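What follows is a short report on a single structure.
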Amino acid sequence: MEIQVKGHSGCQIDIVSENRQLYVYKSTRDPKYLQRLVLQAMKQKQASLVEYQHIRIPTVFEIQKDEKQTVVKMQYVYSKNFVEFFEQAGFEQIEYLIGALKYFIEYEINQCKLQVISPEIFQRKFADICVKLEQNGRYINDGEIRSIIDDSQSCFDSLSEMLLPIGISHGDLTFSNILFNGNNYYLIDFLDGFIETPLQDIAKIRQDTAYRWSQLMYTKHYDEVRLGIICDKIDDELDSYFSNKYQWYRDHYKTIQLMNILRILPYAHEEKVICYLKNILNTLLHE
């Protein structure tokens, strides 16, 4: 038996039955993504060796790469998505989730070292985003986006050196990349990035809790009011926790989140997504 499901990275996802066991096969034939998928699978494999409180990482069984494709064989997890989980979760389950997220990110922080990061790292990444935007005529002719880019340019040009925890991160810690199985939370789709810092993971989860990114991309009917209340609670607790504990979070969260949202912009095509990104970017730049 083989079932194809839709992935967000452009990779093909197949659920395959072998000897009465289900496995996930993630693959790509994109020449630009062959090595990236290897790096992402290796990142997940390394993370799966650690025991976390309530957090689980699906096992990576095999990584195959040749000149034409990369294929990764992984553990299949019976689970709910974030909407299904939140629509049934009680107060205690939400508290478990908040605790698990704090524990996971704290583990990452403890594996990192505080390092001075040159602003050139962010300036180069922003320049790369601008090149991609310039290849899309729709963005070139959009005055609001041009204004956002100009304001972002000023922000990154004025950056000073940043003291950040550097070492490991999930890289794409959104609700869409968490599989919910009771009080166990399986993290999938680890992502390689231009900077490996737990602050990126905080920004990614707050991309959902503060700005509702995964809800925007969810296509089925759901209780928006209920999910909004839950997201606000999670966001308030995470923001308060890290604000009270870490100077680097207070100093640099907004810069990381600005870059995080800007990185989505070149790949946005739906009008609702473009409007969403404009609103969030203007908020980050001017609040």
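The values are calculated or read from the model by the stated rules, or taken from the named source; none is laboratory data. From a predicted model like this one, the values you see are computed outputs, not experimental measurements. In this analysis, Cβ positions are derived from the backbone assuming ideal geometry, glycine residues included, and neighbour counts consider all displayed protein chains.
Okay, here's what the table says:
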quantity	calculated
Residues located in the range 42-63, provided they are of a type in the set (A, V, I, L, M, F, W, C) and assigned to a loop (DSSP other than H, G, I, E, B)	L49, V50, I57
Residues located in the range 129-179, provided they are free of Cβ contacts under 8 Å to residues at least 24 places away in the same chain and within 27 Å of I117 (Cβ to Cβ)	C130, V131, E134, I149, D150, S154, S158, N177
Condition check for L265: surrounded by fewer than 18 Cβ atoms within 10 Å (Cβ to Cβ), among the aliphatic types (A, V, I, L, M) and in contact (Cβ under 8 Å) with a residue 60 or more places away in the chain	no
Matching option when the condition is of a type in the set (F, W, Y) and either surrounded by fewer than 19 Cβ atoms within 10 Å (Cβ to Cβ) or assigned to a helix (DSSP H, G or I) (or both), among Y222, Y185, Y211	Y222
Near pairs, Cβ below 7 angstrom, 6+ apart or cross-chain, from the range 87-109 (more than 13 Å from C231 (Cα to Cα)) to any residue that is of a type in the set (F, W, Y)	A100/Y185; K102/Y241; Y103/Y52; F104/Y52; Y107/Y52
Residues of the range 275-287 satisfying the condition of being among the hydrophobic types (A, V, I, L, M, F, W, C) and touching a residue at least 12 places away in the same chain (Cβ under 8 Å)	L277, I280, L281, L284, L285
Evaluation of T59 against (1) touching a Ser or Thr at 6+ places or on another chain (Cβ under 7 Å); (2) more than 21 Å from D192 (Cα to Cα); (3) not basic (K, R) (one fails), failing number	(2)
Test: residue in the range 216-228 that is in contact (Cβ under 8 Å) with a residue 12 or more places away in the chain, assigned by the TED database to the domain that holds A89, of a type in the set (A, V, I, L, M) and closer than 27 Å to Q115 by Cα	no
Q115 vs. criteria of a type in the set (S, T, N, Q), in a strand (DSSP E or B) and under 30 Å from H54 (Cα atoms)	yes
Qualifying residue in the range 242-251 (condition: of a type in the set (F, W, Y), assigned by the TED database to the domain that holds Y139, in contact with an Asp or Glu (Cβ under 6 Å, 6 or more places away or on another chain) and crowded, with 20+ Cβ neighbours inside 10 Å)	no
Test set (1) of a type outside the set (S, T, Y); (2) without any contact (Cβ under 8 Å) to a residue 40 or more places away in the chain; (3) not in a strand (DSSP E or B) - L39 fails condition number	(2)
Leading residue by the ranking (surrounded by the most Cβ atoms within 10 Å (Cβ to Cβ)) among those in the range 9-36 that are without any contact (Cβ under 8 Å) to a residue 12 or more places away in the chain and charged (D, E, K, R)	E18
Q93 under 25 Å from D208 (Cβ atoms) and of a type in the set (S, T, N, Q)	yes
Those residues of the range 107-129 which are of a type outside the set (V, I, T) and surrounded by 15 or more Cβ atoms within 10 Å (Cβ to Cβ), in sequence order	Y107, E108, C112, P119, F122, K125, F126
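Residue by residue, here is whether (1) over 25 Å from N279 (Cβ atoms); (2) of a type in the set (F, W, Y); (3) touching a Leu at 6+ places or on another chain (Cβ under 7 Å) holds:
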residue: Y139; (1), (2), (3): no, yes, yes
residue: S158; (1), (2), (3): no, no, no
residue: Y185; (1), (2), (3): yes, yes, yes
residue: D201; (1), (2), (3): no, no, yes
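Table: residues versus (1) outside any helix (DSSP H, G or I); (2) exposed (fewer than 13 other Cβ atoms within 10 Å of the Cβ); (3) out of contact with any Gly (no Cβ under 6 Å at 6 or more places or on another chain).
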position: Y96; (1), (2), (3): no, no, yes
position: Y103; (1), (2), (3): no, no, yes
position: V131; (1), (2), (3): no, yes, yes
position: S152; (1), (2), (3): no, no, yes
position: P165; (1), (2), (3): yes, no, yes
position: G171; (1), (2), (3): yes, no, no
